[in-house]
Structures are given as C-alpha cells and as structure tokens.
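Engineer: Take this structure, written in structure tokens, and hold onto it; I'll ask about it next.
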Amino acid sequence: PNTGKSSFINNLAKRDIAIVTNEPGTTRDSLELFVDFKGMPVKFYDTAGLRPHTSKAEEMGIKKTYNLSDMADINLVFIDNENEIHDYEKKMIKNTIYVKSKTDILKKINNKKIFNISSATGDGFTKLFEHIYSKINPDKKEEDYIVSRERHRITMKKTLKHLKNSKKTKNIDIFAED
C-alpha cells in the first residue's frame, strides 16, 4: 500500500495520469504507460497493491495485478522495508526488481537487492533504469550492431559526419535582400 507506484508512473509520464493519495488501496484498476526506453518501446503498468483487500473492486484489481505480473518481463516491486522481499518471494512474483520509493522523505534501505528512488526528485532513477535496461537487453551494446550492406554503411558514415558537424560552433549570418 502507498509505496509510491503511482508517483513513479506520474514521473515517467511527466504528468499526472495516476491518482496519488495517502489512503491505502487508491489504485484499484491498472493504468498502462508506453515509454520510449532507450529506443525500445516499453509498457509500464501502475497496478493495485498486493495487500489484504477491503472491497470487491480492490479484490478485482489485485487479481488483475497478479495476471499482469505473470505476463511481465520484469516486475518492479515497490516495498516499504526489506522484510517484504520474503513476502513477495512467497507470492511467486517472478523477475522482480525491488524498489524503495519516497527516499526524499523516508529512510533509504541499505541492501543491494533494493533500488532506492524518489519520484519527487528523480534521485535513483538513472541507476534503476540502467538495471532495467540490462535485464531487458542484456547482450546488446552499441558497438554490437552490424550493418551488412555497403550503401547502408555509406549512409551511416555520412549521417555520423553530419551529426558531428552539427555539434561544431558556427557563426551564422542571415541576409535578407530586396
């Protein structure tokens, strides 16, 4: 409950798409967000927290959370303390990355299995995203791409040349004449 999942989604979206309150069980239905993640299309979900439910709607949301977690390549599991890791392992959540949010107002957890982040400040996001990327695409490095056709190689070289030239400082004079 209220571990910062919705604030995380709002940070990714760069706008408020999820309701954030201090009431447990605020998120009942799942929200999905498509993100260009280092050139790869990635879908993030904000789902109901896995906790004892207090209503039929919350129970349905929790069931949806389990279904989505079974299909997910990676599950970001937001926790309040490191003792919860054992609980999630018992729930058989696969491919987990544990996240402790709200580190701008709450104490960080000193455990290598846990990524400490703040959705308010963005602290810890880079490290978390690098880890997610390594899990999604473990074997690819920028230099691993092979261009096999000569015309593609020529085009790539020209493009690289133009990109490098575009970074150079220039004096640009613009004339308008009658």
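Engineer: Restricting attention to the stretch 96-109, which residues are touching a strand residue (DSSP E or B) at 6+ places or on another chain (Cβ under 7 Å), closer than 23 Å to Pro52 by Cα and either assigned to a strand (DSSP E or B) or open to solvent by 30 Å² or more (accessible area, probe 1.4 Å) (or both)? Break it down into steps so the answer makes sense when it comes.
Structural biologist: Just the residues of the stretch 96-109 that are touching a strand residue (DSSP E or B) at 6+ places or on another chain (Cβ under 7 Å), to begin with: 96-101, 103, 108-109.
Now narrow it down to the ones that are closer than 23 Å to Pro52 by Cα: 96-101.
Answer for the stretch 96-109, where residues must be touching a strand residue (DSSP E or B) at 6+ places or on another chain (Cβ under 7 Å), closer than 23 Å to Pro52 by Cα and either assigned to a strand (DSSP E or B) or open to solvent by 30 Å² or more (accessible area, probe 1.4 Å) (or both): Thr96, Ile97, Tyr98, Val99, Lys100.
Engineer: Being open to solvent by 20 Å² or more (accessible area, probe 1.4 Å), modelled with pLDDT under 85 and not in a loop (DSSP other than H, G, I, E, B), is that true of even one residue in the stretch 68-85?
Structural biologist: no
Engineer: Looking at (1) without any contact (Cβ under 8 Å) to a residue 60 or more places away in the chain; (2) on the phi > 0 side of the Ramachandran plot; (3) crowded, with 18+ Cβ neighbours inside 10 Å, can you tell me which one Gly39 breaks?
Structural biologist: That leaves (3) as the condition not met.
Engineer: Something else now. With (1) crowded, with 16+ Cβ neighbours inside 10 Å; (2) on the phi > 0 side of the Ramachandran plot as the list, and Met92 as the residue in question, which single condition is left unmet?
Structural biologist: Met92 satisfies all of (1) crowded, with 16+ Cβ neighbours inside 10 Å; (2) on the phi > 0 side of the Ramachandran plot except (1).
Engineer: Further question on the same structure: Right, Lys112: open to solvent by 90 Å² or more (accessible area, probe 1.4 Å), at pLDDT 90 or above and among the charged types (D, E, K, R) or not? Spell out the reasoning first.
Structural biologist: Details: open to solvent by 90 Å² or more (accessible area, probe 1.4 Å): yes; at pLDDT 90 or above: yes; among the charged types (D, E, K, R): yes.
Considered against the rule, which asks whether it is open to solvent by 90 Å² or more (accessible area, probe 1.4 Å), at pLDDT 90 or above and among the charged types (D, E, K, R), Lys112 comes out as yes.
Engineer: Filter the stretch 130-174 down to residues that are modelled with pLDDT under 70 and outside any loop (DSSP other than H, G, I, E, B) and give me whichever is most open to solvent (accessible area, probe 1.4 Å).
Structural biologist: Per the stated criteria, the residue is Glu142.
Engineer: Only one of Ala120, Ala57 is open to solvent by 30 Å² or more (accessible area, probe 1.4 Å), of a type outside the set (Val, Ile, Thr) and touching a residue at least 60 places away in the same chain (Cβ under 8 Å); which? Break it down stepwise before answering.
Structural biologist: On the way: Ala57 fails: touching a residue at least 60 places away in the same chain (Cβ under 8 Å).
So the residue among Ala120, Ala57 that is open to solvent by 30 Å² or more (accessible area, probe 1.4 Å), of a type outside the set (Val, Ile, Thr) and touching a residue at least 60 places away in the same chain (Cβ under 8 Å) is Ala120.
Engineer: Turning to a different aspect of this structure: Condition test on Ser119, is it over 12 Å from the mean Cα position of the chain (by Cα) and either under 12 Å from Gly4 (Cβ atoms) or not in a loop (DSSP other than H, G, I, E, B) (or both)?
Structural biologist: Details: over 12 Å from the mean Cα position of the chain (by Cα): no; either under 12 Å from Gly4 (Cβ atoms) or not in a loop (DSSP other than H, G, I, E, B) (or both): yes.
No; evaluated as a whole, the condition is false for this residue.
Engineer: Of the residues Arg51, Arg28, Arg15, which is at pLDDT below 80, under 21 Å from the mean Cα position of the chain (by Cα) and either on the phi > 0 side of the Ramachandran plot or open to solvent by 50 Å² or more (accessible area, probe 1.4 Å) (or both)? Break it down into steps so the answer makes sense when it comes.
Structural biologist: Values: Arg51 fails: under 21 Å from the mean Cα position of the chain (by Cα); Arg15 fails: at pLDDT below 80.
None of the others qualify; the one that does is Arg28.
Engineer: I need every pair where a residue in the stretch 1-25 that is farther than 26 Å from Asp36 by Cβ has its Cβ under 6 Å from the Cβ of a residue that is modelled with pLDDT of 75 or more and not in a loop (DSSP other than H, G, I, E, B), sequence separation at least 6 or different chains.
Structural biologist: Close Cβ pairs (under 6 Å, with a partner that is modelled with pLDDT of 75 or more and not in a loop (DSSP other than H, G, I, E, B)) amount to Gly25/Glu58.
Engineer: Which one of the conditions (1) more than 19 Å from the chain's Cα centre (by Cα); (2) closer than 24 Å to Asp104 by Cβ does Gly61 fail to meet, given that it meets all the rest?
Structural biologist: Gly61 satisfies every listed condition except (2).
The values are calculated or read from the model by the stated rules, or taken from the named source; none is laboratory data. These numbers come from a predicted model, not from an experiment. Cβ atoms come from the backbone with ideal geometry, glycine included; neighbour counts cover every protein chain shown. For accessibility, only protein heavy atoms count, side chains too; no ligands or nucleic acids. Shrake-Rupley method; radii C 1.70, N 1.55, O 1.52, S 1.80 Å.
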